[in-house]
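Remarks on the structure that follows.
The values are calculated or read from the model by the stated rules, or taken from the named source; none is laboratory data. Small disclaimer: the values here were computed from a predicted structure and weren't measured. No Cβ is skipped: glycine too gets one built from the backbone with ideal geometry, and neighbour counts run over all protein chains shown.
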Amino acid sequence: MIQREEYLNWLIKLKDKHIIKVITGIRRCGKSTIFRLYQEYLLKNNISEKQIIDLNFDDNKNRDLLEQNKLYDYIISKAVSDKKTYIFLDEVQNVKDFEKCVNSLHLNENFDIYLTGSNSYMLSGELATFLTGRYMQIHMLPLSFKEFKSTASESNEEIVYNNYISDGGFPYLINLNDFVLKNNYLDGIYNTVLIKDIITRKQIKDVLILDSVVRFLFDNIGCLVSTKKISDTLNSSGRKNSINTIESYVSALIDSYIIYKVNRYDIKGKQHLKTLEKYYVCDLGLRNYLLGNKEGMDLGHILENIIFLELKRRGHKIYVGKTENSEIDFVIEDNREIKYIQVALTVRDKNTLNRELAPLNSIEDHHPKYLITLDFDTNNHSGIKQINALDYLMGRVDI
């Protein structure tokens with residue numbers, strides 16, 4: 001198993017704290033595995049197997065527990081009375097009214113509770129009402145480039161990067177060397193997310209329109225998009241729809257963690273904008289499965305997508321920056337500190353360099369500015385730091 005240290009350390013830090021730990025993320029990104037790794041840690045640190053209750057609600061053997069009262073009674077019957085009991089509920093959103101069960105369990109200070117879920121519905125509505133202030137969430141992504149590199153036999157980072165943008169970061173894929181097997185695995189993830197987390201839950205009737213929306217967003221990563229533009233594009237190709245339908249489908253895709261939306265921020269006016277946004281995919285392997293892997297195409301937006309995922313992985317608040325005449329790829333905020341980031345595949349050409357620097361130079365404040373590229377050059381352009389993307393992804397430099 002791949003040691004997902006960032007997530008494992010988060011669980012270890014919160015061990016025995018009387019707060020519910022919630023791990024969210026797209027299916028097959030490694031949530032169940034991190035539970036197993038953490039349980040191994042517990043067993044090595046004087047916790048007995050009797051103190052661990054581990055239930056996965058995607059497993060049919062737990063079908064009799066998919067109702068909150070039955071689940072509650074089962075856990076109470078298995079709990080150790082005189083010691084801490086560690087309760088792991090995997091894909092808990094499959095349990096009807098699970099939040100009522102979790103809330104009742106949380107009243108017992110001898111219970112240390114851990115949940116996972118594959119869509120954001122579990123952290124809205126009833127759960128938010130029942131458990132406000134009683135849980136902490138960490139969002140899990142497929143493998144980072146650094147994690148992917150740690151599994152590779154190849155030492156050349158450029159080759160590993162090309163494999164990464166081709167295969168993506170779903171952990172189990174490292175066990176598959178055959179292209180057809182990889183595609184079949186990604187097909188399973190894609191259809192499970194669509195059917196279990198979107199179509200069934202949202203009762204979507206027009207599956208073809210939903211699939212078209214996914215393909216449009218996957219094909220336009222890093223581009224400014226509006227739901228009206230999506231609607232108009234599909235209508236022009238004969239797929240009749242309404243803007244309300246498109247908005248509902250996009251919202252469902254975001255809730256399932258298959259795509260992420262980044263809103264725009266007016267740098268000069270210092271306000272968040274409600275029109276136009278950018279979308280990024282959770283995993284580039286999934287994008288290649290759906291659209292086909294067109295070698296050499298769209299590499300700039302692919303790099304931008306990878307940088308977005310890394311920024312998100314490191315916990316930054318992320319926006320698209322708007323200046324008077326141009327866009328900044330990313331405006332990030334941490335503890336009220338703002339930084340500006342431009343991403344480009346290469347800036348070896350002088351005209352390309354000037355084009356990428358221009359939006360950053362147009363910003364009149366003194367917040368840090370960065371240009372991230374795949375070039376190995378590291379320069380300082382009048383205060384704008386140019387850094388290598390692989391150095392950033394591997395953690396050798398930070399921003």
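Within the bounds of the stretch 153-162, is there any residue that is surrounded by fewer than 20 Cβ atoms within 10 Å (Cβ to Cβ), of a type outside the set (Val, Ile, Thr) and in the same structural domain as ILE26 (by TED's automatic domain parsing)?
no
Looking only at the stretch 85-117, how many residues end up being over 27 Å from the mean Cα position of the chain (by Cα), part of a strand (DSSP E or B) and hydroxyl-bearing (Ser, Thr, Tyr)?
Within the stretch 85-117, residues that are over 27 Å from the mean Cα position of the chain (by Cα), part of a strand (DSSP E or B) and hydroxyl-bearing (Ser, Thr, Tyr) number 1.
Of the residues that make up the stretch 197-219, is at least one acidic (Asp, Glu), more than 18 Å from TYR279 (Cβ to Cβ) and surrounded by fewer than 16 Cβ atoms within 10 Å (Cβ to Cβ)?
Checking the stretch 197-219: at least one residue is acidic (Asp, Glu), more than 18 Å from TYR279 (Cβ to Cβ) and surrounded by fewer than 16 Cβ atoms within 10 Å (Cβ to Cβ).
Report, ordered by the first and then the second residue, all pairs with beta carbons closer than 6 Å, sequence separation of six or more or different chains, a first member in the stretch 354-380 that is within 18 Å of GLY321 (Cα to Cα), and a second member that is modelled with pLDDT of 95 or more and among the polar types (S, T, N, Q).
That search, which allows pairs on different chains as well, returns GLU356/GLN342; LEU360/GLN342; LEU371/GLN342; LEU371/GLN386.
Would you be able to tell me the number of residues in the stretch 220-238 that are in contact (Cβ under 8 Å) with a residue 40 or more places away in the chain and surrounded by 15 or more Cβ atoms within 10 Å (Cβ to Cβ)?
Adding up the residues that qualify gives 5.
Hey, can you tell me all the residues within the stretch 92-126 that are in contact (Cβ under 8 Å) with a residue 40 or more places away in the chain and either of a type in the set (A, V, I, L, M, F, W, C) or in contact with an Asp or Glu (Cβ under 7 Å, 6 or more places away or on another chain) (or both)?
Passing the criteria: VAL102, ASP112, ILE113, LEU115, THR116, GLY117, SER118, ASN119, SER120, TYR121, MET122, LEU123.
Can you tell me how many residues within the stretch 244-295 are more than 22 Å from the chain's Cα centre (by Cα) and surrounded by 14 or more Cβ atoms within 10 Å (Cβ to Cβ)?
The number of residues fulfilling the criteria is 4.
Hey, which of the helices (runs of 4 or more DSSP H) in the stretch 166-278, taking only ones fully inside, have at least 3 residues that are among the aliphatic types (A, V, I, L, M)?
179-192, 207-219, 243-255
Tally up the residues in the stretch 134-150 that are at pLDDT 95 or above and assigned to a loop (DSSP other than H, G, I, E, B), please.
The total comes to 5.
With the structure loaded, tell me whether VAL343 is modelled with pLDDT of 95 or more and in contact with a helix residue (DSSP H, G or I) (Cβ under 6 Å, 6 or more places away or on another chain) or whether it fails that test.
Here the answer is yes, as VAL343 does meet what is asked.
When residues of the stretch 85-109 are filtered for being surrounded by fewer than 18 Cβ atoms within 10 Å (Cβ to Cβ) and touching a strand residue (DSSP E or B) at 6+ places or on another chain (Cβ under 7 Å), how many remain?
Here the count works out to 1.
So which residues in the stretch 317-329 are buried (at least 18 other Cβ atoms within 10 Å of the Cβ) and either touching a residue at least 60 places away in the same chain (Cβ under 8 Å) or on the phi > 0 side of the Ramachandran plot (or both)?
Across the stretch 317-329, the qualifying residues are VAL320, ILE328, ASP329.
Within the stretch 42-54, does at least one residue satisfy the condition of being free of Cβ contacts under 8 Å to residues at least 40 places away in the same chain, touching a Leu at 6+ places or on another chain (Cβ under 6 Å) and of a type in the set (Ser, Thr, Tyr)?
No, the stretch 42-54 has no match at all.
Quick one: which helices (runs of 4 or more DSSP H) sit completely within the stretch 298-399 and have at least 2 residues that are farther than 28 Å from THR275 by Cα and not polar (S, T, N, Q)?
It comes to 350-361, 389-393.
One line per residue, one yes/no per condition, for (1) over 30 Å from TYR164 (Cβ atoms); (2) of a type in the set (Phe, Trp, Tyr):
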residue: PHE216; (1), (2): no, yes
residue: SER237; (1), (2): yes, no
residue: ASP255; (1), (2): no, no
residue: VAL262; (1), (2): no, no
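Does SER32 satisfy the condition of being in a helix (DSSP H, G or I) and either in the same structural domain as ILE258 (by TED's automatic domain parsing) or surrounded by fewer than 20 Cβ atoms within 10 Å (Cβ to Cβ) (or both)? Spell out how you get there, then give the answer.
Numbers: in a helix (DSSP H, G or I): yes; either in the same structural domain as ILE258 (by TED's automatic domain parsing) or surrounded by fewer than 20 Cβ atoms within 10 Å (Cβ to Cβ) (or both): yes.
The answer is yes for SER32.
Quick check on ASP82: is it surrounded by fewer than 18 Cβ atoms within 10 Å (Cβ to Cβ) and under 26 Å from ILE259 (Cβ atoms)?
In short, no.
Of the conditions (1) over 29 Å from ARG27 (Cα atoms); (2) β-branched (Val, Ile, Thr); (3) touching a Ser or Thr at 6+ places or on another chain (Cβ under 8 Å), ILE338 satisfies every one except a single condition; which number is it?
Tallying (1) over 29 Å from ARG27 (Cα atoms); (2) β-branched (Val, Ile, Thr); (3) touching a Ser or Thr at 6+ places or on another chain (Cβ under 8 Å), ILE338 fails exactly one: (3).
Search the stretch 1-14 for residues being out of contact with any helix residue (DSSP H, G or I) (no Cβ under 8 Å at 6 or more places or on another chain) and charged (D, E, K, R), and hand back the single one that is surrounded by the most Cβ atoms within 10 Å (Cβ to Cβ).
Initially, the stretch 1-14 is screened for residues out of contact with any helix residue (DSSP H, G or I) (no Cβ under 8 Å at 6 or more places or on another chain), giving 5, 9-10, 13-14.
Now restrict to residues that are charged (D, E, K, R): 5, 13.
Values: GLU5: 12, LYS13: 9.
Among them, the one singled out is GLU5.
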